[in-house]
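Take a look at the structure set out below.
The values are calculated or read from the model by the stated rules, or taken from the named source; none is laboratory data. This one's a predicted model, so the numbers in the text were calculated from it and none came from an experiment. Cβ sites come from the backbone with ideal geometry, for glycine too, and all protein chains shown count toward neighbours. Areas reflect the complete protein model, heavy atoms only, side chains present, ligands, DNA and RNA absent. Shrake-Rupley method; radii C 1.70, N 1.55, O 1.52, S 1.80 Å.
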Amino acid sequence: MGGSLNLDEIVADVAREIQPHRGEGLVADYIPPLARVDPRRFGMAIITCDGQVAETGDSWMPFSIQSISKVFTLALALEKLGDELWTRVGREPSGSRFNSIVQLEAERGVPRNPFINAGAIVVTDAVLAGRRPDEAIGEIRDFLRKLAANDTIDVDKEVATQEAATGFRNFSLAYFMRGFENLKAPVEDALVTYFNQCALRITCQQLARAGLFLANGGVDPITGERIVSTEHARRINAIMLTCGHYDASGEFAFEVGLPGKSGVGGGILTIVPGRAAVAVWSPGLNAVGNSQVGTLALEKLVQRTGWSIF
Ligand code: GLU
């Protein structure tokens with residue numbers, strides 16, 4: 001399904017083109033383990049639905065998954081709750097900061113979409129479903145391990161602890177939603193689960209592999225296993241396209257034109273429907289919080305492959 005494209009060559013060209021930009025952007029510095037990461041790191045991995053892999057740079061190096069984890073918890077929550085989930089979280093781009101509390105008040109505790117923090121906390125609460133946090137954290141980690149076919153994926157405990165120690169905004173959002181009865185679990189339980197899911201470490205290789213089912217209507221094309229329904233895969237892709245890049249989701253659709261989800265660790269998971277999944281990582285972020293060089297690399301990739309859905 002790489003078609004006649006020589007993906008190894010394309011990936012090498014992209015790496016060469018972004019070379020002068022390496023180190024651009026600002027590494028997230030709200031917690032030391034993220035602030036310590038070398039901004040010059042860059043990796044990219046592509047896996048096609050027929051199992052071709054092309055990769056470059058630091059595609060083997062684990063980084064903090066952060067908000068990209070929200071794609072996987074959304075998949076789990078949708079399979080558990082089905083359409084009921086949409087009574088608790090919307091699916092409109094927010095147009096405000098990812099951790100805005102103003103909008104949440106105006107909308108009476110129902111967050112705009114599953115990828116802003118408030119929405120992701122509700123989704124995590126749905127995955128938690130009355131269980132102990134360690135069970136839900138284990139489920140999310142094991143889901144990623146299975147999808148990535150890699151049992152080494154795990155939570156970075158230092159990141160999880162420090163997210164919790166500094167996550168005052170997330171606590172505010174969660175208490176607020178609890179006040180509107182849109183959070184079922186105790187705030188501490190929902191948040192410890194959320195902080196641990198954000199603290200998972202993953203490589204570009206593993207992330208692209210883990211997202212591949214979304215390029216293939218919800219079925220892992222390599223194992224043939226159905227992961228989510230066709231309908232849920234379609235919806236997750238739609239939300240990635242419209243809401244996956246914080247306030248710059250429109251810009252990403254304009255420049256790259258693919259469903260994608262970024263995280264403050266500098267990773268981006270991108271889905272090429274019917275063809276492939278692509279993961280990039282470069283820790284320097286632009287002003288909106290998306291990987292600067294990662295986004296540039298994806299722009300170069302779609303220019304060469306014609307993979308934009310538009
Ligand atoms: N753990 C981060 C938070 O909730 C996630 C940030 C992100 O990647 O958007 O603040």
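What is the local net charge at residue 166, summed over the other residues whose Cβ is closer than 14 Å to its Cβ (Lys, Arg +1; Asp, Glu -1)?
Taking every other residue near residue 166 into account, the sum is -2.
Hey, any idea what % of the chain's accessible area is carbon plus sulfur with a 1.4 Å probe? Write out the running numbers ahead of the final one.
Values: 6190 of 12060 Å².
The nonpolar share, carbon plus sulfur, comes to 51 percent.
Add +1 for every Lys or Arg and -1 for every Asp or Glu among the other residues with Cβ under 13 Å from the Cβ of residue 157, and state the total.
Value of the local net charge: -3.
What is the sum of charges around residue 238, taking Lys and Arg as +1, Asp and Glu as -1, for the other residues whose C-beta is under 15 Å from the C-beta of residue 238?
+3
If you build a Gaussian network model of the chain, linking Cα atoms that sit under 10 Å apart, which residue out of 245, 21, 232 swings the most?
Among 245, 21, 232, the largest GNM mean-square fluctuation belongs to 21.
Compute the relative contact order of the stretch 33-105 as a whole-number percentage, counting only Cα pairs closer than 8 Å that sit 6 or more residues apart in sequence.
17 percent
Straight-line reach only, C-alpha to C-alpha below 19 angstrom: list the aspartates and glutamates that residue 80 could link to, leaving out same-chain residues fewer than 8 apart.
125, 134, 135, 139, 142, 189, 220, 225, 231
Compute the length gained on full extension between residue 52 and residue 254: take 0.36 nm times their separation in residues and subtract their Cα-Cα distance, giving the result in nm to one decimal. If you can, show how the numbers build up before the last one.
On the way: separation 202, 0.36 × 202 = 72.72 nm, distance 2.72 nm.
The residue 52-residue 254 span can extend by a further 70.0 nm.
Using the Cα centre of the chain as origin and beta-carbon charges of +1 (Lys, Arg) and -1 (Asp, Glu), tell me which of 110, 276, 167 is placed farthest towards the positive end of the dipole.
Farthest towards the positive pole: 110.
Report relative contact order for the stretch 239-310 in percent, whole number only (criteria: Cα-Cα under 8 Å, sequence separation at least 6).
28 percent
Can you list which of the trypsin sites (Lys or Arg not before Pro) found in the stretch 1-78 are DSSP loop residues with at most 15 other C-beta atoms within 10 Å?
Hits after loop and neighbour filter: 36, 40.
How big is the Rg/Rh ratio for the chain, C-alpha atoms only, Rh by Kirkwood, two decimals? Don't skip to the end; give the middle numbers.
Values: Rg = 17.8 Å, Rh = 18.9 Å.
Ratio of gyration radius to Kirkwood radius: 0.94.
Which one, 299, 231, 55, has the greatest fluctuation when you compute a Gaussian network model over the chain with C-alpha springs under 10 angstrom?
The residue with the greatest mean-square fluctuation here is 231.
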